[in-house]
Amino acid sequence: MFYGAVVWDPWFIVAQIVCLQCLYYLTLGVFLSILVGTRISWMSLVYFFDFATVTTSTITGWCVIASVLLSAISGAGYMLYLIERAKKCLDFSFTLYFIHLFVCIMYGGWPLSMTWWVVNGTGLAIMALLGEYLCIRRELKDIPITRYRSNV
């Protein structure tokens, strides 16, 4: 794909946002079920969207924190294949976490926990910076053109 020849397509951007958001929540669910699900008797949406579960005072809270950060790392990997451009990684990461903030506000009110803000801010930074790093590495790869070389 030649990036300069692509026209601005808002439906494609929305589709990328939806795919990235769905993959993030799917991955968060997998990590929560592995790390938190073994510690509790009943898994619910509280662990996804309630700021009170992101705490450093319990082992379960630390498992929620680890799940959020591992999902951010996975999200950077998803951006490598969905977004493909390093300069767009910050925009898509911010959009993902802004939508997550909105959903959390709708579910449990404004996040009053400083731990929630630190964990999600760290997740945003990890996803954006690691995504940019991975995309830059891909963008800077040499393009093999061995088929057109002469055998002199």
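If you average 1/r across every pair of different Cα atoms in region 55-105 and take the reciprocal, what Kirkwood value do you get, in Å?
Numbers: mean 1/r = 0.0816 Å⁻¹.
Averaging 1/r across every pair of different Cα atoms and inverting gives 12.3 Å.
Scanning the chain for trypsin sites (Lys or Arg not before Pro) in DSSP loops with at most 14 other Cβ atoms within 10 Å, what's the longest stretch left with none?
Longest gap between qualifying sites, sites excluded: 40-140.
I want to check the label-to-label distance for ALA15 and SER113. Put each point 7 Å from Cα in the C-beta direction and report it in nm to one decimal.
Roughly 3.7 nm, to one decimal.
Which value in deg cm²/dmol, rounded to the nearest 500, describes the helix-derived mean residue ellipticity at 222 nm for the chain, given -39,500 (n - 2.57) per DSSP H run of n ≥ 4 and division by the residue count?
Values: 5 runs with 100 residues, N = 152.
My calculation for the chain gives -22500 deg cm²/dmol from helical runs alone.
Take every Cα pair under 8 Å in region 18-65 that's 6+ residues apart, average their separations, divide by the length, and report that relative contact order as a whole percent.
Details: 28 pairs, mean separation 14.9, N = 48.
Once normalised by length, the contact order is 31 percent.
Based only on Cα atoms, what Rg/Rh ratio does region 16-134 have, Rh being taken as Kirkwood's radius? Mind dumping the intermediate values first?
Values: Rg = 13.7 Å, Rh = 14.2 Å.
On the Cα set of region 16-134, Rg over Rh gives 0.96.
How high is the relative contact order of the chain, in percent, counting Cα pairs under 8 Å that sit 6 or more residues apart?
Working: 143 pairs, mean separation 42.6, N = 152.
Once normalised by length, the contact order is 28 percent.
Can you compute the FRET efficiency between ALA66 and TYR133 using 1/(1 + (r/R0)^6), with r the Cβ-Cβ distance and R0 = 25 Å? Round to the nearest 0.05.
Working: r = 21 Å, r/R0 = 0.85.
E between ALA66 and TYR133, to the nearest 0.05, is 0.70.
At 0.36 nm per residue, and after removing the present C-alpha to C-alpha distance, how many nm does the segment from VAL46 to THR146 gain when stretched out fully?
On the way: separation 100, 0.36 × 100 = 36.00 nm, distance 5.47 nm.
Extra length from VAL46 to THR146 when fully extended: 30.5 nm.
With the crude spin-label approximation of a point 7 Å out along Cα→Cβ, what separation in nm comes out for PHE102 versus VAL7?
Output for this residue pair reads 2.7 nm.
Here, each number is a calculation from the coordinates, and none is a lab measurement. All values derive from a computational prediction rather than experimental measurement. With ideal geometry, Cβ positions are generated from the backbone for all residues, glycine too; neighbour counts draw on all protein chains shown.
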